[in-house]
1. To the nearest 20 debye, what is the magnitude of the charge dipole of segment 154-244 about its Cα centre, counting +1 on the Cβ of each Lys and Arg and -1 on the Cβ of each Asp and Glu?
2. Which aspartates and glutamates, if any, have their Cα less than 15 Å from the Cα of LYS331, not counting same-chain residues under 8 positions apart?
3. Estimate the FRET efficiency between LEU258 and ARG136 by the formula 1/(1 + (r/R0)^6), using the beta-carbon distance for r and 45 Å for R0, to the nearest 0.05.
4. How far is helix 172-181 tilted, in degrees, relative to the longest principal axis of the Cα atoms in the chain, given as a value from 0 to 90 rounded to the nearest 10?
5. For the pair GLN58/ALA72, report the inter-label distance in nm, with labels modelled 7 Å from Cα in the Cβ direction.
6. With a cut-off of 11 Å, note down the residues of segment 234-278 whose backbone N falls inside the zone around a label point 7 Å from the Cα of LEU80 toward its beta carbon.
7. Nearest 0.05, what FRET efficiency do GLU250 and LYS362 give at R0 = 60 Å with Cβ-Cβ as r?
8. As a footprinting exposure proxy, order LYS101, LYS215, LYS29, LYS132 by other Cβ within 10 Å, with the fewest listed first.
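Any read-out appearing in this document is the output of simple, stated calculations on the displayed coordinates, not a laboratory observation. Please read all numbers here as calculations on a predicted model, not as lab measurements. Virtual Cβ from ideal backbone geometry, glycine too; neighbours counted across all protein chains shown.
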Amino acid sequence: MTTDVKMFPSSRTGDGAIYLDNAATSWPKPPGVAEAMLRFMGDMGANPGRSAHRMSIQAARVIYQLREKIAALFGATDPLRVIFTLNITDALNIALHGLLKPSDHVLTSSMEHNAVMRPLNDLAQRGVSYTKLPCRPDGSLDPACVVPAIRSETRLIVMNHASNVCGTILPIREVAQLARAHGLLFLLDSAQSAGVLPIDMQADAIDLLAFTGHKSLYGPTGTGGLIIGERVDPALLHPLRQGGTGSRSEHEVQPEFLPDRYECGTPNGIGLAGLLVSLEWIEAQGQPALMAHERALCQALINAFTQLENVTVYGTRQAALQTATLAFNIKGMQPSEVGLRLDEEFGILSRVGLHCAPAAHKTIGTFPAGCVRFGIGAFNTLADIEQAVQAVSALAGEVAK
């Protein structure tokens, strides 16, 4: 059923519960991640890029190695254009607030997370306008709707790669190529795809790529970044913060060169050291193997749920067209009740509600109550899926009585 993937720790918690909330944060982390973080703190915990002594240099070397690995993973041409941020929300804010000006127009999809929608609505109070491209009820998007929505003042298209609610994959390459053909920039929110779906900034025509470390890159929380493509002039992307960088300290203005223009203050060296090891683990497993493993489990879950009476599955219902994130509801039961009972009675850990994505829920028809979401990760097993199916079947069976 699943692809053989090496070195998988258990997806069970200490008390035996099954973790199915990987779309929020992946757990557990790969072997060596926690050890790398402890090693950084214990052996090289100095401030990178600030001092000339050996510990500072060692710390800076770790961060640059990660910069190179991130650039290689996503097909970026220059590691110095990899900007480390607080998280992917921070990265999206840098791109949106740094790039857009009053009278600019933006295209986005109706499946976006609030990490995109809230900055856009804030910018709308300052003269920026945006248009939501309508997605289908399964969360998919027809690229044919893009060109008719482009205006003379349109500057940017921002879009997620895959829905955090139901996993549906959007046609980012087709949309990005349309953006490039019309002289627009394309910003990708890869929160749900980085590490599990292939992404190549060159082949996919991506100009700005926001990523997070704590989901399918299997790194620590508090890590993420923004990759600035060659078509983006940093002079036109204003930084959100300014401060000490350890460089050009004789000047009281922010350096203009990369990455210092966007990185100020002490970086999260401990977290970035862990992310470096998690990327090495992904390389060792092979991204295609990880994707095949998750898709096999997701399809098994879809097949089982679509046979259950009183269970509604949202999205494409095809694992090949989505990430391993499954949204569902049980007829006659609130998602909050389902989630609570799955946890307390069956030891299944999920996420319920609106998932910080009301636009997506309106699109798939689950607003305002939301739904229950299972997020499958690399460390889940077929036994986990079978136990989850038994739990949902038991709850759905109560409705039928």
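1. 180 debye
2. The qualifying aspartates and glutamates are GLU309, GLU398.
3. 0.70
4. 40 degrees
5. My value for the distance between the label points is 2.3 nm.
6. Residues passing the 11 Å test: 256-261.
7. 0.70
8. Listing LYS101, LYS215, LYS29, LYS132 from fewest to most nearby Cβ atoms yields LYS101, LYS132, LYS29, LYS215.
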